[in-house]
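The structure appears below as structure tokens.
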Amino acid sequence: MIDPSRTLPLTEDYFTVKNELPVERLAAVEGVKPKGVVEVRRAMVGKEILMLHVFREKGLIDPVHKHMDHETVAYLIRGKLRLVIGGKEFIAGPGTSWIHPVGVEHFSEALEDCEQLEIKSPPTKTWVSE
């Protein structure tokens, strides 16, 4: 069951444009503070799905955390990202996809500036903005 405080308002239109979306700089994800700069734009929020455009600055470390109420799939558009998911390590480049299943610990480190799409279901706000 989703905590109502983590529910996001639905997108009001059928279309959005990245450069017109507000940027949120993350202060914490699941209560864990990232080490470096990570920014998200809410590209689309539906009843059962959320799509984020994410920017991770080179050097960002997203410490180990897990999500207990949703799963996430992601796709790297540009950059190079070190991922550790469920104890398995992978170096992602443009065109790489990955999943964070419910309850599985994961970690990432931006080896270059990175841009990615992230899709969460159900649509859950896991972060706190600065």
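The values are calculated or read from the model by the stated rules, or taken from the named source; none is laboratory data. Everything quoted here is computed from the prediction, not taken from an experiment. Methodologically, a virtual Cβ is constructed for each residue, glycine included, from the backbone with ideal geometry; neighbour enumeration extends over all protein chains shown.
For segment 57-68: of the residues being surrounded by 17 or more Cβ atoms within 10 Å (Cβ to Cβ) and part of a loop (DSSP other than H, G, I, E, B), which is farthest from the chain's Cα centre (by Cα)? Looking at the filtered set, the residue picked out is Leu60.
Matching residues to (1) more than 11 Å from the chain's Cα centre (by Cα); (2) free of Cβ contacts under 8 Å to residues at least 12 places away in the same chain; (3) more than 23 Å from Leu8 (Cα to Cα):
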| site | (1), (2), (3) |
| --- | --- |
| Val38 | no, no, no |
| Phe55 | no, no, no |
| His70 | yes, no, no |
| Gly103 | yes, no, no |
| Ala110 | yes, no, yes |
| Pro123 | yes, no, no |
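Yes or no: segment 2-23 includes at least one residue that is within 14 Å of the chain's Cα centre (by Cα) and either closer than 14 Å to Lys120 by Cβ or of a type in the set (Asp, Glu) (or both). No, the conditions are met nowhere in segment 2-23.
When segment 103-122 is examined, which residues are found to be in a loop (DSSP other than H, G, I, E, B), in contact with a His (Cβ under 9 Å, 6 or more places away or on another chain) and either closer than 21 Å to Ile77 by Cβ or at pLDDT 95 or above (or both)? Passing the criteria: Gly103, Val104, Glu105. Assigned to a strand (DSSP E or B), crowded, with 17+ Cβ neighbours inside 10 Å and more than 10 Å from the chain's Cα centre (by Cα), is that true of Met44? Here the answer is yes, as Met44 does meet what is asked. Does any residue of segment 117-130 turn out to be within 19 Å of Asn19 (Cβ to Cβ) and surrounded by 14 or more Cβ atoms within 10 Å (Cβ to Cβ)? Checking segment 117-130: at least one residue is within 19 Å of Asn19 (Cβ to Cβ) and surrounded by 14 or more Cβ atoms within 10 Å (Cβ to Cβ). Screening Ala92 against (1) modelled with pLDDT of 95 or more; (2) among the hydrophobic types (A, V, I, L, M, F, W, C); (3) closer than 15 Å to His65 by Cα leaves a single unmet condition, (3).
When Ile99 is tested against the conditions (1) part of a loop (DSSP other than H, G, I, E, B); (2) free of Cβ contacts under 8 Å to residues at least 60 places away in the same chain; (3) not acidic (Asp, Glu), the lone failure is (1). Within segment 71-89, the set of residues being loosely packed, with under 12 Cβ neighbours inside 10 Å and in a strand (DSSP E or B) comprises Lys88, Glu89.
Across segment 28-41, the number of residues qualifying as in contact with a Ser or Thr (Cβ under 6 Å, 6 or more places away or on another chain) and either assigned to a strand (DSSP E or B) or modelled with pLDDT of 95 or more (or both) comes to 1.
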